[in-house]
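The values are calculated or read from the model by the stated rules, or taken from the named source; none is laboratory data. Since the model is a prediction, treat every value here as computed from it, not as a measurement. Glycine also receives a Cβ, built like all others from the backbone with ideal geometry; neighbour counts cover every protein chain displayed.
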Amino acid sequence: MEIDYASCKRLGSSYRALPKSYTQPKCTGRTPLCKEVLNDTWVSFPSWSEDSTFVSSKKTQYEEHIYRCEDERFELDVVLETNLATIRALEAVQRRLSRMTAEEQVKFRLDNTMGGCSEVIHRKAIQRIYGDKAADIIDGLKRNPAVSVPIVLKRLKMKEEEWREAQRGFNKIWREQNEKYYLKSLDHQGINFKQNDTKVFRSKTLLNEIETIYDEVRGSDIPLT
């Protein structure tokens, strides 16, 4: 059933009410509490940019510096936390292996989560370090964790130390950048004023203004003195 949300009852600019003729999908897993508190009437409706009257201002060069520092810091944090999560997952596997007999270790296998809770996070961490060889490393971890886990874990910890050291160096640079540009980034009109002043005080602009005033005075009864 196609619904024309533009013609539905509105609640602010972001929500529309489903028409009464709409048939709700069946759900057998709901409890009385679910029926009491869950929303089956209102749906989120996007506000498109062409419908908005808000005009965003262009970022100044100082704001761009601040945003770039934040982006770089965020990207490095993601790399570090992804790597750390994989280290913790493999450490847990290693502790589990240490409690097994040699025969149990030979039979032990890992699934796609490699001892963690996510298939994606740990795969990305390994791909970031091993590049094109990552598929072989992951396959080795799953097939023979008793041999592969200590080797990969050692490598992950080496990169952890390397990246933490790099982060300390970058933190100094980012701090200097923020201190240098933060106050300037708060001035949203300064660059516009500077550009307007440069335009207004050009010799050609001044001459045109003088000529305009001269013509106005000449055409009036005000004596030229």
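Restrict the check to region 107-116 and report whether at least one residue is aliphatic (A, V, I, L, M), more than 25 Å from PHE170 (Cβ to Cβ), touching a residue at least 12 places away in the same chain (Cβ under 8 Å) and surrounded by fewer than 16 Cβ atoms within 10 Å (Cβ to Cβ).
The answer is no; no qualifying residue exists.
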Would you mind listing the helices (runs of 4 or more DSSP H) fully within region 134-225 where at least 1 residues are at pLDDT below 80, of a type in the set (D, E, K, R) and out of contact with any strand residue (DSSP E or B) (no Cβ under 9 Å at 6 or more places or on another chain)? 190-200, 203-218
Does ARG30 satisfy the criteria of being of a type in the set (Lys, Arg) and assigned by TED's automatic domain parsing to the domain that holds ASN171? no
Can you find a residue in region 180-194 that is β-branched (Val, Ile, Thr), surrounded by 12 or more Cβ atoms within 10 Å (Cβ to Cβ) and under 24 Å from VAL93 (Cβ atoms)? no
Please state which one of ARG123, ARG68, ARG109 is touching a Pro at 6+ places or on another chain (Cβ under 8 Å) and in the same structural domain as ARG175 (by TED's automatic domain parsing). ARG109
Return yes when LEU141 is within 30 Å of ARG96 (Cα to Cα), surrounded by 12 or more Cβ atoms within 10 Å (Cβ to Cβ) and in contact (Cβ under 8 Å) with a residue 60 or more places away in the chain and no when it is not. no
Log entry, pairs with first residue in region 175-197 being touching a residue at least 12 places away in the same chain (Cβ under 8 Å), second being exposed (fewer than 12 other Cβ atoms within 10 Å of the Cβ), beta carbons closer than 7 Å, six or more apart or on different chains, reads HIS188/SER57
